[in-house]
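In what follows, a single structure is set out as structure tokens and then discussed.
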Amino acid sequence: MNEHQLFARRIRVHMTKQWKTWRLILDWTVVLYGVIPFAIFLGYQYRLLWQGELRWVSQVPMFVWALGIGIVLLRNQFFVWIERADVTLIAKRSLIHRLKHDSLFYYAIKLGSTLLFVLFGLTVGPLSPYPHLGSASCF
């Protein structure tokens, strides 16, 4: 097993553990009575935001918006996918350097995709094909 396969396996194991945890927390009743109504409510509020019917949004200072976006983007945990046995038992420098490099690359991809998701969420209103949704200035 080379360094890339080891890195991919560790990410796959981590994602599997996270998926099992979310499946344990969100059973069908929680999804049916909590998550789906909340998603509908958020979609409705998002539509109202771009129609300009939420007047309080324009009164929030730009610093608060920047702080909120910064918290969303920088709340991710940074993992270096090196385990104790890699350092003590194997002690192969190329393995450790490659895992560090892949960890930084994985974090950059994850942070970039989160940034694109947030920016897409903020700009989908003005770019939508519905002219009445992008006419209001919310910021």
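For segment 14-31, enumerate the residues that are surrounded by 11 or more Cβ atoms within 10 Å (Cβ to Cβ) and part of a helix (DSSP H, G or I). Once the filter is applied, which keeps residues that are surrounded by 11 or more Cβ atoms within 10 Å (Cβ to Cβ) and part of a helix (DSSP H, G or I), segment 14-31 yields His14, Val30, Val31.
Within segment 70-97, being within 12 Å of the chain's Cα centre (by Cα) and closer than 27 Å to Glu3 by Cβ holds for Asn76, Gln77.
Within segment 42-61, not a single residue is open to solvent by 100 Å² or more (accessible area, probe 1.4 Å), within 21 Å of Thr114 (Cα to Cα) and within 21 Å of the chain's Cα centre (by Cα).
Answer yes or no as to whether Val87 is in a helix (DSSP H, G or I), at pLDDT below 85 and within 24 Å of Met15 (Cβ to Cβ). When the stated conditions are applied, Val87 passes them.
Say whether the condition of being among the hydroxyl-bearing types (Ser, Thr, Tyr) and either modelled with pLDDT of 85 or more or closer than 18 Å to Val13 by Cα (or both) is met by at least one residue in segment 92-101.
So in segment 92-101, the residues among the hydroxyl-bearing types (Ser, Thr, Tyr) come out as 94.
Still in the list and also either modelled with pLDDT of 85 or more or closer than 18 Å to Val13 by Cα (or both): none.
The answer is no; no qualifying residue exists.
Go through segment 75-89 and give me each residue that's exposed (fewer than 12 other Cβ atoms within 10 Å of the Cβ), without any contact (Cβ under 8 Å) to a residue 24 or more places away in the chain and not basic (Lys, Arg).
Narrowing segment 75-89 to residues exposed (fewer than 12 other Cβ atoms within 10 Å of the Cβ): 75-78, 84-85, 88-89.
Restricting the remaining residues to those that are without any contact (Cβ under 8 Å) to a residue 24 or more places away in the chain gives 75, 77, 84-85, 88-89.
Within segment 75-89, Gln77, Ala85, Thr88, Leu89 meet the criteria.
When the residues of segment 1-13 are filtered to those that are among the charged types (D, E, K, R) and open to solvent by 80 Å² or more (accessible area, probe 1.4 Å), the one that is nearest to Glu83 (Cα to Cα) is Arg9. Of all residues in segment 98-112, those that are closer than 15 Å to Gln5 by Cβ have Cβ atoms under 9 Å from Cβ atoms of residues that are open to solvent by 50 Å² or more (accessible area, probe 1.4 Å) and part of a helix (DSSP H, G or I), 6 or more apart or on another chain, in Arg98/His4; Asp102/His4.
The values are calculated or read from the model by the stated rules, or taken from the named source; none is laboratory data. Only a predicted model underlies this, so the values are computations on that prediction, with no experimental measurement involved. Quick reminder, even Gly has a Cβ in these numbers, built from the backbone with ideal geometry, and neighbours come from all protein chains shown. The accessibility values were calculated without ligands, DNA or RNA, using every heavy atom of the protein model including side chains. Shrake-Rupley method; radii C 1.70, N 1.55, O 1.52, S 1.80 Å.
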